[in-house]
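The values are calculated or read from the model by the stated rules, or taken from the named source; none is laboratory data. The structure presented is a predicted model; accordingly, all values stated were derived computationally and were not measured. Reconstructed Cβ throughout: ideal geometry from the backbone, glycine too, with neighbour counts over all protein chains shown.
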Amino acid sequence: MKVAIIGAGAVGSSCATALVMRGCAREIVIIDRTPARAIGLATDVRYGATLSPAVDVRSGDFSDLKGAGLAVITAGVNEKTGGATDRNDPAGRLRLLDTNVGVYADIISKLKEIEPNVLALVVTDPPDPLADATRLMGHDKVLSAGTYLDSLRFRFHVARRLAVSASSVVAHVLGEHGTSEVFAWSSATVAGVPISALLSRLPDQDLQKFRSEVENEVRYANISIIEGIGASQHGIGMVTARIVEIIARDERIVIPIGCYNPKYGVTLSLPSVVGREGVLEIIEPELAAGEREKLAHSADRLKAALGRIHLSN
């Protein structure tokens, strides 16, 4: 599969490296508004690519979108530059929306003109309303990276506290990739055993404290990373490469990923069957009453964010 990466900043660079290392694309073209940056990134990654499965890595311009099966869009203002690193700010990543919709307007116009059938994967923050903006601009083949990374973080922090492998934890974060995200504790398990049941077997474990600590670590993981290295990039790069692999191989695996959901009227994340054409089926899990309410709130929050911007086809 030919994959285009639009945006050669920190996240785009990590996506390119992860794609090459995972060997999930035969051709990768890197596009950036600053051509020298795309050239430099492609050149750098190309040398290391000799250690990976065969792949052609090169820089290009929007005309090189022709024939691409997937366009990974990482362009735009990031959280640090956009001032979205305050844990007490309820807007979170949504603070970047107005600026990044302007960035996307130019990109989506070129997608529609050059390769209207390409599947777009929105990685730029905030990915969910940007995916909706992409759709409303006239390109409806679009996914958001959504809460896949959040769900992996959820699994990691649960596993670390229970001293088990994260691969043994089943746990999903739903809704917005942002501060209103919903932790589906009611269906979180280790080897089929609910987390609450496992905690009840351990001395001095408070379920509410356990949940609160895990949720805070996951919800603000991006800010903690930015405080350390300046950008939250490597985890999302690896997740993006896995999504690309799932699509390229038509795996039809179920992951939490963002797509437009008519029931909620916005793009948000629910467990979904993903294959070559994108999301093939949404599998909405059984949720506790409180979780359903939080999911509805998350959808309303995304609707409000989208409603405040002006879009045109």
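From the list T81, T74, exactly one residue is assigned by TED's automatic domain parsing to the domain that holds S109 and farther than 21 Å from L143 by Cβ. Which is it? Walk me through how you get there before you give the answer.
Numbers: T74 fails: farther than 21 Å from L143 by Cβ.
The match here is T81.
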Is it the case that the stretch 215-237 has a residue that's in contact with a Cys (Cβ under 6 Å, 6 or more places away or on another chain) and hydrophobic (A, V, I, L, M, F, W, C)? no
Just give me the residues in the stretch 128-168 being surrounded by 20 or more Cβ atoms within 10 Å (Cβ to Cβ), part of a loop (DSSP other than H, G, I, E, B) and in contact (Cβ under 8 Å) with a residue 40 or more places away in the chain, in sequence order. M137, A145, G146, T147
Do you know which of the residues in the stretch 200-219 that are at negative phi and part of a loop (DSSP other than H, G, I, E, B) is surrounded by the fewest Cβ atoms within 10 Å (Cβ to Cβ)? P203
Filter the stretch 239-257 for residues that are assigned to a strand (DSSP E or B) and in contact with a Phe, Trp or Tyr (Cβ under 9 Å, 6 or more places away or on another chain); which is surrounded by the fewest Cβ atoms within 10 Å (Cβ to Cβ)? I255
Lone qualifier among D89, D125, D64 - being at pLDDT 95 or above, assigned to a loop (DSSP other than H, G, I, E, B) and acidic (D, E): D125
Could you check the stretch 69-128 and list, in sequence order, the residues that are more than 22 Å from A248 (Cβ to Cβ) and either aromatic (F, W, Y) or touching a Cys at 6+ places or on another chain (Cβ under 9 Å) (or both)? Y104
Only one of (1) more than 18 Å from L121 (Cα to Cα); (2) in contact with a Phe, Trp or Tyr (Cβ under 8 Å, 6 or more places away or on another chain); (3) not acidic (D, E) fails for I31. Which number is that? (1)
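Being in contact with a helix residue (DSSP H, G or I) (Cβ under 7 Å, 6 or more places away or on another chain), free of Cβ contacts under 8 Å to residues at least 60 places away in the same chain and among the small types (G, A, S): is that true of A71 here? Walk me through how you get there before you give the answer.
Numbers: in contact with a helix residue (DSSP H, G or I) (Cβ under 7 Å, 6 or more places away or on another chain): yes; free of Cβ contacts under 8 Å to residues at least 60 places away in the same chain: no; among the small types (G, A, S): yes.
So A71 does not fit the description; no.
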I'd like to check something: does the stretch 272-286 contain any residue that is touching a His at 6+ places or on another chain (Cβ under 8 Å) and part of a strand (DSSP E or B)? no
Exclusive hit being buried (at least 21 other Cβ atoms within 10 Å of the Cβ) and either part of a helix (DSSP H, G or I) or in contact with a Lys or Arg (Cβ under 7 Å, 6 or more places away or on another chain) (or both), set N78, N100: N100
Scan G235, G290 and give me the residue that is touching a Ser or Thr at 6+ places or on another chain (Cβ under 9 Å), closer than 19 Å to T124 by Cα and either part of a helix (DSSP H, G or I) or aromatic (F, W, Y) (or both). G235
